[in-house]
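What follows is one structure encoded as structure tokens, with my remarks underneath.
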Amino acid sequence: MAQRMVLGFGVTEGRMGRFLVAAMALGFAALIAAGIAAAWSTARNEAHTRDVNHTYEVELAIDRTRIAIEQSETTRRGFLLTGDPIYLDTYRSTMADLPTLIARIATLTRDNPLQQGNLAKLRALTDDLARQRERTIAAAQRGDRAAALALFVSETSAPRMRAVRTLAGAMAGEEQRLLAIRNAEQRASVRVFYTTLAIAGLLLVLVAAVTLATVLRYTRDLATSRDRVRDFADTLEAQVAERTADLTRANDEIQRFAYIVSHDLRSPLVNVMGFTAELEGAAATLCALIDRAEAHAPEIVTEDARLAAREDLPEAIGFIRSSTQKMDRLINAILKLSREGRRVIAPEPLDLTAMIDGITASLTQQLAQRGATVTVERPLPTIVSDRLATEQIFSNLIENAVKYLDPARVGQIVVRGKRDRARVTFEIEDNGRGIAPNDHSRVFDLFRRSGNQDQPGEGIGLAHVRTLAYRLGGVIDVASELGQGATFRLTLPVALTDATIVATSGKAP
């Protein structure tokens, strides 16, 4: 009877396990769909932003051209009326800039045949205006103001100017029409995104509800089975031994996983790097062979063979080497985060002022190279926390501030702290490049970076900082605008106790 009960219970567990796996797979599929929709929507938003910026650039170029034409007409009239050379100089300067302004419009609208047609008309109008104006100016320069004024009165300049204004308005209207179309497309993509998100959310809610109902049913069955197990006390020892064996196997699996990450993944990587070195030697040998063949029998060396030996093969080897080096850095980063998550937190009194001074001293060379300074608003509050984790947090934040300073201005980094009852808030403020608002949360994600990627790094520094802050019972956020620097705010408890230490898994609460 006991055997039948255990067998039936095992079958129930198996079915529930398969069901939960299927539910989890469905939930993950919904999340993947939502992620794809988010990525697609983000790409559409970026494209829309580019198009909008392009429209604004075209409108600005049209306005500048129209203003230049208006200004040239005004200064020409001023010269005819007063004879003052300053008006003529301004007219010449404005007319000299006009071809550049029109060329700017041509460059921006080269993919729009309608605008190119309008631009051709604008060129013809401005050329005609320029010729007519030159005749009146030439008469005025000869001293024949009567003839100049007669030409001015008889010319058709005013209708031309109205035509220029009408044409400029039509070109601006075309850009507004394109902007309206792009805005409609953007709204449609947003609707698709939210629809996909809603469907994924409903699917997740459904999966959660069904899973919860299944778990509750399983819990009731488990309670019934537990009552039955009480009748079979003689099998308790065997069951304990079985569960112990299960735990041992699970622990072995964890150890094997750690081994795979630290050894099995690295071993093939080392092999690839080794064979890459051999390929480089072989490529050098092939190049030498090609050189000798070209010297003694050039007719047997084809162009494809020459390119393969001297360009294609070295380029492919370079790609392989850079990829393996990146993979090695990523594996090291994952192992570093894993080891940090298992480290035991040891709170102790910390002098933050002395700690920041030590970190600044270690960055003296980098600060000197960038002409930057670090200012500490003394005294910083003292706290009781883990020394290594706290030092790693401030080192990462200050090094990042130095790394991403704006070379166009003198770098200034300020560290300050303020206590508020049982917590302390530290701020690391810089006047560097800054971070776009939509990247404020993403910069703390693993392997995610923001802005121009012209500095070395794998995108783990701020992720590591956030993990350490959580483990110390704190939080970290950032306030920043592009081109206006950034301020990272770290909030920690004044005294880290056992009750506030986050679990050693290193995950966010």
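A few remarks follow.
- For segment 377-427, the set of residues classified as hydrophobic (A, V, I, L, M, F, W, C) and more than 14 Å from Thr360 (Cα to Cα) consists of Leu380, Ile383, Val384, Leu388, Ala389, Leu405, Ala408, Val410, Ala422, Val424, Phe426, listed by residue number.
- Residue ID - farthest from Ala146 (Cα to Cα), chosen from residues in segment 76-87 that are in contact with a Lys or Arg (Cβ under 9 Å, 6 or more places away or on another chain) and not aliphatic (A, V, I, L, M): Tyr87
- Some residue of segment 66-82 being surrounded by 14 or more Cβ atoms within 10 Å (Cβ to Cβ), over 19 Å from Ala168 (Cβ atoms), among the small types (Gly, Ala, Ser) and in the same structural domain as Arg182 (by TED's automatic domain parsing): yes
- The residue pairs whose first member lies in segment 163-187 and is farther than 23 Å from Ile69 by Cβ and open to solvent by less than 40 Å² (accessible area, probe 1.4 Å), whose second member is assigned to a helix (DSSP H, G or I) and among the aliphatic types (A, V, I, L, M), and whose beta carbons are closer than 7 Å, counting only pairs six or more residues apart or on different chains, are Leu179/Val52.
- Scanning segment 211-226 for residues that are touching a residue at least 60 places away in the same chain (Cβ under 8 Å) and open to solvent by 60 Å² or more (accessible area, probe 1.4 Å) yields a count of 1.
- Residue in segment 76-128 that is nearest to Ala139 (Cα to Cα), counting only those that are touching a residue at least 40 places away in the same chain (Cβ under 8 Å) and not in a helix (DSSP H, G or I): Gly83
- Residue pairs meeting the criteria (Cβ under 6 Å; at least 6 apart or on separate chains; first assigned by TED's automatic domain parsing to the domain that holds Ala188 and over 23 Å from Gln176 (Cα atoms), in segment 34-52; second of a type in the set (A, V, I, L, M) and in a helix (DSSP H, G or I)): Ala34/Leu197; Ala34/Ala200
- Count of residues meeting criterion [of a type in the set (A, V, I, L, M) and open to solvent by 30 Å² or more (accessible area, probe 1.4 Å)] in segment 114-146: 6
The values are calculated or read from the model by the stated rules, or taken from the named source; none is laboratory data. Keep in mind it's a predicted model, so treat the numbers as computed, not measured. Note that we place each Cβ from the backbone using ideal geometry, even for glycine, and neighbour counts take in every protein chain shown. Only protein heavy atoms, including side chains, enter the accessible area calculation; ligands, DNA and RNA are left aside. Shrake-Rupley method; radii C 1.70, N 1.55, O 1.52, S 1.80 Å.
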